[in-house]
Amino acid sequence: MLGNSRSEPESLVPIGQILGGMMNTQRNTLALVLSGFLLSMASSAKAQQSNEELAKQLANPISSLISVPFQLNWDQNIGAADAGERLTLNVQPVIPFDISDDWNLITRTILPVVSQDDIFPGAGSQFGLGDTVQSLWFSPKAPTSNGWIWGAGPAFLLPTATDELLGTDKWGVGPTGVALKQQGPFTFGGLANHIWSVAGDSDRADVNSTFLQPFFTYTTPSAWSFTAVAEATYDWESEQWSVPVGLITGKVFRLGSQTVQFNFGPRYYVEHTDGGPEGLGLRAVFILLFPTGH
């Protein structure tokens, strides 16, 4: 009996140590899990903030952000018989250049790839490149004292169309400008240009057109963007307006290591030229983003 009474506490000591060690291990494991969860939440919040900032930069046409948008537009009711349709994929890389301590040069190229059918009776189908518009904006790095961001420079029309029904066969040039303001989640402003033809096929109609693009964007903390935009073109030769108005929704996110934005929404022509698109259209945009240091 005495021997047994002495052996019991000796056997209980290692059991208590084992249980205590197990509890310590569980506490350490729980602490690691909680730490990992908190770090994951912090990393997610940081990425979300980064995406929100990128969405705001995309709302600014002259931000210091390299982007490559692929903008697909579908238009209908083209031609005198309203029987034509057109798909236009605008490839429009935007590249900023640091040219001094105070100024940036922002370049934007718009190269259309067009597929169209029955734009007038007997026209059939065409597929190929349209004319290129090249814009250059010289922009101060710092906003004005009132918070306005602006840029101005030349715009060029290049006759890159591969079919006479896809372009003007004219060289053109004119001024272009952008002005906008960003306050919290809101971005509002406008872009404009005017292009005159200066050379090209004398048998083709002259180019003399004004383009006006007012825009308003609301960006959420989760990097969703909601944009109202009008793209008004006035042809001074025919004295006619074409004015599609769009309501576009977009989201910045990541595909693997690549940051992208996808946008989609309807457009409606509140004014249209004779034989031009009218009624309802659609727009989808896929944008590759290359932030500084990415």
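Estimated from the Cβ-Cβ distance and a Förster radius of 45 angstrom, the FRET efficiency linking Ser202 and Glu53 is about 0.35.
May I ask you to derive the FRET efficiency for Ile99 and Val245 from their Cβ-Cβ distance with R0 = 25 Å, giving the value to the nearest 0.05? After rounding, the FRET efficiency stands at 0.10.
For Val198, the residues whose amide H sits under 5 Å from its own are Trp171, Gly172, Val173, ignoring neighbours fewer than 5 places away on the same chain, with H placed 1.01 Å from N. In the frame of its principal axes, segment 200-294 has Cα extents of 51, 30, 18 Å, reported largest first. For the peptides 121-129, 106-114, 178-186, residues were scored by their other Cβ atoms within 10 Å and the scores averaged per peptide; the highest-first order is 106-114, 178-186, 121-129.
Taking label points 7 Å from Cα along the Cα-to-Cβ direction, Ser238 and Arg254 give a separation of 4.8 nm.
For Thr162 and Ala80, what is the calculated FRET efficiency with R₀ set at 35 Å and r taken between the beta-carbons, to the nearest 0.05? After rounding to 0.05, the efficiency reads 0.90. Compared with the alpha-carbon gap, the fully stretched path from Lys141 to Trp224 is longer by 27.3 nm at 0.36 nm per residue.
Computed from the coordinates by the stated procedures, all read-outs in this text should not be read as laboratory data. From a predicted model like this one, the values you see are computed outputs, not experimental measurements. Quick reminder, even Gly has a Cβ in these numbers, built from the backbone with ideal geometry, and neighbours come from all protein chains shown.
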